[in-house]
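A.B. asks: Input: one structure, supplied below.
Computed from the coordinates by the stated procedures, all read-outs in this text should not be read as laboratory data. Model, not experiment: these values are computed from the prediction. Virtual Cβ from ideal backbone geometry, glycine too; neighbours counted across all protein chains shown.
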Amino acid sequence: MKRMIIATKNKGKVAEFQQLFAKKGIDVRSLLDYDDIPDVEETGTTFTDNAILKATTIANMLHEVVIADDSGLIVDALNGEPGVYSARYAGEGKDDQANIEKVLTKLQGVPFEQRTARFHCTLAVAKPNGETTTVDGVCEGYITEEPIGENGFGYDPIFYVPEKQRTMAQLTKEEKNEISHRAKALQHLLSIWDKLFEKGNES
Ligand SMILES: O=P(O)(O)OP(=O)(O)OP(=O)(O)OC[C@H]1O[C@@H](n2cnc3c(O)ncnc32)[C@H](O)[C@@H]1O
Ligand SMILES: [Mg+2]
């Protein structure tokens, strides 16, 4: 495995995967490297459904092994919102800042101890023959009262990571990749990778 295709158009995810795979000497390609791949509609109601949908659609199109990432923020005081709707919480076409503002507005008056949340990441690997496998990773934290930090993407500026005593957006890419939901899911996937591609099982 010298090259891996990640079925995403999210630049933040791509940068993290590039760093995680670089340690293994693997080049990462994403859908940003192709001109003509349409968006896959995320019609599922779970991270797993959407990750499988993205991975299988792109594996079929490219006839290669593909990994897809479906992820999001789960806020306990909001009954799990924004969840699978994290990318479009403030509406289709809205940006990260609008999504962050919506979460902060809904959490107004909620004390810190009750602002528990977690990032969830499901990775699906799809083979061109239609076989799929999924793994998950979770990172626990709290929602801050205002955005802090410039790094990362999405909800990182409002996600406080207790073990680092900073928000996700105050961490370097290396620090985020030590503890993130995405890094944990990928670690899990790499630990079963050889088994997935054993002789006679690699198509
Ligand atoms: O579907 P692709 O093309 O991969 O890109 P996307 O941005 O639409 O990705 P998702 O459908 O998985 O939506 C996940 C959203 O959850 C948020 N999110 C996921 N991982 C995150 C992280 O590490 N830090 C901050 N926010 C994250 C962010 O708002 C993402 O847009
Ligand atoms: Mg998406």
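A.B. asks: At R0 = 35 Å, how high is the FRET efficiency between residue 175 and residue 131 if r is their beta carbon distance? Nearest 0.05 is fine. Working shown, then result.
C.D. replies: Numbers: r = 35 Å, r/R0 = 0.99.
For R0 = 35 Å, the calculated efficiency reads 0.50.
A.B. asks: Let me ask another. Would you please name the trypsin sites (Lys or Arg not before Pro) within segment 1-92 that are DSSP coil residues with at most 11 other C-beta atoms within 10 Å of their C-beta?
C.D. replies: 2, 23, 24
A.B. asks: Add +1 for every Lys or Arg and -1 for every Asp or Glu among the other residues with Cβ under 12 Å from the Cβ of residue 118, and state the total.
C.D. replies: Numbers: positive: 115, 184; negative: 76, 136, 140.
Summing Lys and Arg as +1 and Asp and Glu as -1 gives -1.
A.B. asks: Express in whole angstrom the spacing between the alpha-carbon centres of segment 94-155 and segment 44-78.
C.D. replies: 15
A.B. asks: Between residue 85 and residue 194, how high is the FRET efficiency from 1/(1 + (r/R0)^6) when r is the Cβ-Cβ distance and R₀ = 25 Å? Nearest 0.05.
C.D. replies: Using R0 = 25 Å, I get an efficiency of 0.10.
A.B. asks: Can you tell me how much longer the chain between residue 106 and residue 153 gets when fully stretched, taken as 0.36 nm per residue apart minus their C-alpha distance, in nm with one decimal?
C.D. replies: Stretched fully, the residue 106-residue 153 segment lengthens by 14.9 nm.
A.B. asks: Say each of residue 116 and residue 39 gets a label point 7 Å from the Cα, pointing the same way as Cα to Cβ; how far apart are those two points in nm?
C.D. replies: 3.4
A.B. asks: Something else now. Please list 3J(HN,Hα) in residue order for segment 18-31, calculated via the Karplus relation 6.51 cos²θ - 1.76 cosθ + 1.60 where θ = phi - 60°; whole Hz, with x for glycine and proline.
C.D. replies: Result, rounded to whole Hz: 4, 5, 5, 7, 4, 4, 9, x, 10, 7, 9, 10, 10, 5.
A.B. asks: A further question follows. What are the ³J(HN,Hα) values, in whole Hz, obtained from phi via the Karplus relation 6.51 cos²θ - 1.76 cosθ + 1.60 with θ = phi - 60°, for each residue of segment 111-118 in sequence order, with x given for Gly and Pro?
C.D. replies: Once rounded to whole Hz, the list reads x, 3, 4, 9, 9, 5, 7, 8.
A.B. asks: Based only on Cα atoms, what Rg/Rh ratio does segment 3-196 have, Rh being taken as Kirkwood's radius?
C.D. replies: Taking Rg over the Kirkwood Rh, I get 0.96.
A.B. asks: Now for a different question. Taking amide hydrogens as modeled 1.01 Å from N in the peptide plane, which residues meet the under 5 Å criterion relative to residue 159, leaving out close sequence neighbours?
C.D. replies: Residues meeting the criterion, in which the H sits 1.01 Å from N, are 144, 168, 169.
A.B. asks: Suppose each label sits 7 Å from its Cα in the direction of the beta carbon; what would the residue 27-residue 97 distance come out to in nanometres?
C.D. replies: A separation of 3.6 nm, rounded to one decimal place.
A.B. asks: Another one. In straight Cα distance, which aspartates and glutamates are under 19 Å from residue 127, not counting same-chain residues fewer than 8 positions off?
C.D. replies: Answer for residue 127, where 19 Å is the Cα cut-off: 27, 49, 64, 69, 70, 136, 194, 198, 202, listed by chain and number.
A.B. asks: What are the GluC sites (Glu not before Pro) within segment 78-129 that DSSP puts in a loop, where the Cβ has at most 15 other Cβ atoms within 10 Å? Numbers along the way, then the final one.
C.D. replies: On the way: sites: 92, 101, 113; in loops: 92.
Sites meeting the loop and neighbour criteria: 92.
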